[in-house]
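Structure first, commentary second.
Just so you know, all these numbers are worked out from the coordinates, no wet-lab data involved. All values reported here derive from a predicted model rather than from experimental measurement. Here the Cβ positions follow ideal geometry from the backbone for every residue, glycine too, while neighbour counts run over all protein chains shown.
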Amino acid sequence: MLTAPTPFRLQIAASAIDDLYDRLARTRWPDEAPDQTAEGHWRYGTPKYWLQHLHQYWLAEFDWREQEARLTSTCTLSTQVLKGLTQSPCYFCTAGQDQSLNF
């Protein structure tokens, strides 16, 4: 059973983003896994150099507010979905659809 969808605006608290950046800045790196050569690439998990590159992107280049604005610019909706005896929130986008949806 669904409730009628209602508009939803994505709003991430600045404190949550600040906390994420703080935790990223305090990342401790393990030693490289063995055999991260071309032949053994990814055999023992994600290569350390790859994670460090991703980490640097998140720490210095990724603009959370820009992404938040992009997500919010679409027709972002929420509804309640009955899961057993409990209602759970469900969030979705209808990008590319008529924003005057009839449910």
Kirkwood Rh and Cα Rg combined as Rg over Rh, evaluated for segment 1-94 | 1.15
Just in segment 1-91: which GluC sites (Glu not before Pro) are loop by DSSP and have at most 15 other Cβ atoms within 10 Å?
-> GLU32, GLU39
Taking R0 as 22 Å, what's the FRET efficiency between TYR91 and ALA16 from their Cβ-Cβ distance, rounded to 0.05?
-> 0.85
Förster radius 35 Å - calculated FRET efficiency between ARG26 and ALA69 (Cβ-Cβ, nearest 0.05) = 0.80
